[in-house]
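The values are calculated or read from the model by the stated rules, or taken from the named source; none is laboratory data. Remember, predicted model here, so these are calculated numbers, not experimental data. With ideal geometry, Cβ positions are generated from the backbone for all residues, glycine too; neighbour counts draw on all protein chains shown. Surface areas here come from the heavy atoms of the whole protein model, side chains and all, with no ligands, DNA or RNA. Shrake-Rupley method; radii C 1.70, N 1.55, O 1.52, S 1.80 Å.
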2 protein chains.
Amino acid sequence: MDKQRDDTIASRISRALAERIISGVLSPGERLRQDHIAEEFGASHVPVREAFRLLEAQGLAVSEPRRGFRVAAFDLKEVREVAEMRAVLEVLALRHAIPHLTAAILERAEAATVAADTSRDVRSWEAANRAFHRLLLEPCGMPRLLASIDDLHAASARFLFSAWRTSWEARTDHDHRAILAALREGRGDEAAKILERHVGWIGKTPARTAAGETREAFSIVG
Amino acid sequence: MDKQRDDTIASRISRALAERIISGVLSPGERLRQDHIAEEFGASHVPVREAFRLLEAQGLAVSEPRRGFRVAAFDLKEVREVAEMRAVLEVLALRHAIPHLTAAILERAEAATVAADTSRDVRSWEAANRAFHRLLLEPCGMPRLLASIDDLHAASARFLFSAWRTSWEARTDHDHRAILAALREGRGDEAAKILERHVGWIGKTPARTAAGETREAFSIVG
DNA sequence: GAATCAAAAATTATCTATAATTTGAAAACA
DNA sequence: TGTTTTCAAATTATAGATAATTTTTGATTC
């Protein structure tokens, strides 16, 4: 295996584990045993521990000193917290990105929307949805802000996958199209307003604890 | 020294280094040599590397794979980015905290304001200022949000200390008093509006590169 | 100015000590 | 007699120390 010059074993393990946590292969609360993981990746426990720290920073794992690491748990309260943080941060990013948005970018965002609407499974929907948001926000040129938003997207994806693990129904994302239309016509404030409602929690009824209702709450995380 | 049961060598080193980076003892761009630091703390380099990862997550250090870690650099562009992120996140936190604010909390926030106004040096001013913000926001009960805000405060403090390293002049913080007054009278929206302006960058002229002007820009980071 | 070699420093591996968890047996109780 | 509780030994896993391996960097020579 030829490892990249600019990434370390720790970051490679971190990415692999993040993927598993987000997709739900590793369940919330599950222990992350460093020796087992080290063995699986053919490495020692030192880079594994560094990978754990990276996951901790992304909010995907939690450290219990002298007791190891666990996959971070999450509840509806946290879904809501993440959604609200995304709402305000994405609006901030969009406002700064707007002056730098080009027709080409909006074109690609449109394509991402189409890809999302025609997705056959939740995985590809999530990828397309994330691409849409990334495309519109990246031109803001604020690296720290974008990094925070990425981490929140990862958290959102966990919730999404946990709810739609088995089935998935395609649906047209009217918000995305409305945002694009507003941006094309120079109505930046309106685009920001739609984005805030789209991502955030405003007016979304907290779901009851019943499993079926929970899914409905999760499904609206855009 | 008897080490606490629930904190690790890595976190202890991390806190010590964070303190140095924030206070400016370690300069932006400076290399963090793991062997030297390990020796200084009487530990091996393994916990030192974990400490570096923690600092990286807080945005105080940057990793250059295969080349080690450096103290994170910062420029006016990043000061602005941090200020704007703080503005939107602190407003979000305040809105959720308001229903849980008690007279006792406002009392303590008032005391923190007085402490800030009578500070003789920038260190104690920063501590009092941070306490003020923490007191008002903590009741929001959103741990992830509060953690993000804490990291941004650390970044703000770096800028502050870098500008006011030698001298410091006391000044009365009218914004803090206005926020408290609004909260006492139940005008939450107005409190949030003042906080947003207070923390953020709106209407603040970006300073010229000349050192004297830069200080002025830094000084307004509340 | 390019290339080669040496020194330094980062990354990873191996090993050890210590803390946490589990297991199982004995005792207490119903 | 059966069940539960408690305590100690054994097992397991984490955290850290030490050692080995690359990789980078700086100097020196061609």
When the residues of the range A:7-29 are filtered to those that are within 14 Å of chain B (Cβ to nearest Cβ) and in contact with an Asp or Glu (Cβ under 9 Å, 6 or more places away or on another chain), which remaining residue is modelled with the lowest pLDDT?
A:Thr8
Among the residues of the range B:73-85, is there at least one that is farther than 30 Å from B:Arg197 by Cβ and of a type in the set (Phe, Trp, Tyr)?
no
In the range A:25-63, the residues that are β-branched (Val, Ile, Thr) and either more than 20 Å from B:Thr8 (Cα to Cα) or away from DNA strand C (no atom under 12 Å from the Cβ) (or both)
A:Val25, A:Ile37, A:Val62
Filter result (at negative phi, in contact with a helix residue (DSSP H, G or I) (Cβ under 6 Å, 6 or more places away or on another chain) and away from DNA strand D (no atom under 12 Å from the Cβ)) within the range A:22-50:
A:Ile22, A:Ser23, A:Leu26, A:Phe41, A:Ala43
Between a residue in the range B:33-44 that is among the hydrophobic types (A, V, I, L, M, F, W, C) and any residue that is part of a loop (DSSP other than H, G, I, E, B) and within 11 Å of DNA strand C (Cβ to nearest atom), which pairs come within a Cβ distance under 8 Å, given they are 6 or more apart or on different chains?
B:Ala38/B:Ser44
What's the number of the only condition in (1) within 16 Å of DNA strand D (Cβ to nearest atom); (2) in contact with an Asp or Glu (Cβ under 6 Å, 6 or more places away or on another chain); (3) more than 29 Å from B:Trp164 (Cα to Cα); (4) open to solvent by less than 40 Å² (accessible area, probe 1.4 Å) that B:Met142 fails to meet?
(1)
If we scan the range A:94-113, do we find a residue that is within 29 Å of B:Gly141 (Cα to Cα), crowded, with 21+ Cβ neighbours inside 10 Å and modelled with pLDDT of 95 or more?
yes
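Determine, yes or no, whether B:Val79 is touching a helix residue (DSSP H, G or I) at 6+ places or on another chain (Cβ under 7 Å), within 12 Å of DNA strand D (Cβ to nearest atom) and within 14 Å of chain A (Cβ to nearest Cβ). Talk me through it step by step, then tell me what you get.
Values: touching a helix residue (DSSP H, G or I) at 6+ places or on another chain (Cβ under 7 Å): yes; within 12 Å of DNA strand D (Cβ to nearest atom): no; within 14 Å of chain A (Cβ to nearest Cβ): yes.
Spelling it out, it is not the case that B:Val79 is touching a helix residue (DSSP H, G or I) at 6+ places or on another chain (Cβ under 7 Å), within 12 Å of DNA strand D (Cβ to nearest atom) and within 14 Å of chain A (Cβ to nearest Cβ).
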